[in-house]
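Notes follow the structure.
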């Protein structure tokens, strides 16, 4: 009886240990998957910045050309708005590629947005606020969808009204369009890039943001 009882106890102890290990293994795998997905979300809105100083010599070069060259060195396509003007000369501070881009944006009033493939650069005057209407009850999952797909960028406000089934988004045209596509909303028929209206937007310079009234586009 004693030997049999000891054997049964050993089996019970082994079963409990196996169940314990199985639960912890499942928890570890789940944590790894969640952690990995969260990491993808965290880096989705930015390109892979190279480490170390960005060695770039500016000799009276146009700003658009310097931005395209930056993207080429990072192996990231860069799309620059036709409204981006100005020329770079000597005097750019030494820093990383990210700091180089921020310095150009601060100097020339630009904003950039990375959609996961292409880095888009526009002027602050092109930043717009748009109200995107959604189908009935579609707003309930809008914020979650944008977050899961890595579209949310903390620099550009996105507000969802479940009561009105509408999403308010502020940012450069490329970001507004990305939000539209992610939510499955086509651009309004006959819509143009801008109609000269003045709308309140947030203009970002480095880490600081300020609200300004700027024209969404030049009136014809």
Those residues of segment 84-97 that are modelled with pLDDT of 85 or more and not in a helix (DSSP H, G or I) come to a total of 7
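Criterion first (under 17 Å from the mean Cα position of the chain (by Cα), surrounded by fewer than 13 Cβ atoms within 10 Å (Cβ to Cβ) and modelled with pLDDT under 90) does residue 33 satisfy it?
Details: under 17 Å from the mean Cα position of the chain (by Cα): no; surrounded by fewer than 13 Cβ atoms within 10 Å (Cβ to Cβ): yes; modelled with pLDDT under 90: yes.
So residue 33 fails the test.
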**Request:** Confirm whether residue 170 is farther than 22 Å from residue 86 by Cβ, over 16 Å from the mean Cα position of the chain (by Cα), without any contact (Cβ under 8 Å) to a residue 60 or more places away in the chain and outside the structural domain of residue 88 (by TED's automatic domain parsing).
**Result:** no
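Listed here are the residues, each with its yes/no results for (1) part of a helix (DSSP H, G or I); (2) without any contact (Cβ under 8 Å) to a residue 24 or more places away in the chain; (3) under 26 Å from residue 69 (Cα atoms); (4) not assigned by TED's automatic domain parsing to the domain that holds residue 175.
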position	(1), (2), (3), (4)
99	yes, no, yes, yes
113	no, no, yes, yes
141	yes, yes, no, no
144	yes, yes, no, no
151	no, no, yes, no
156	no, no, yes, no
164	no, no, no, no
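Quick check on segment 171-184. Is at least one of its residues assigned to a strand (DSSP E or B) and modelled with pLDDT of 50 or more?
yes
The values are calculated or read from the model by the stated rules, or taken from the named source; none is laboratory data. Computed from a predicted structure; not experimentally measured. Every residue, glycine among them, receives a Cβ derived from its backbone with ideal geometry; neighbour counts consider all protein chains shown.
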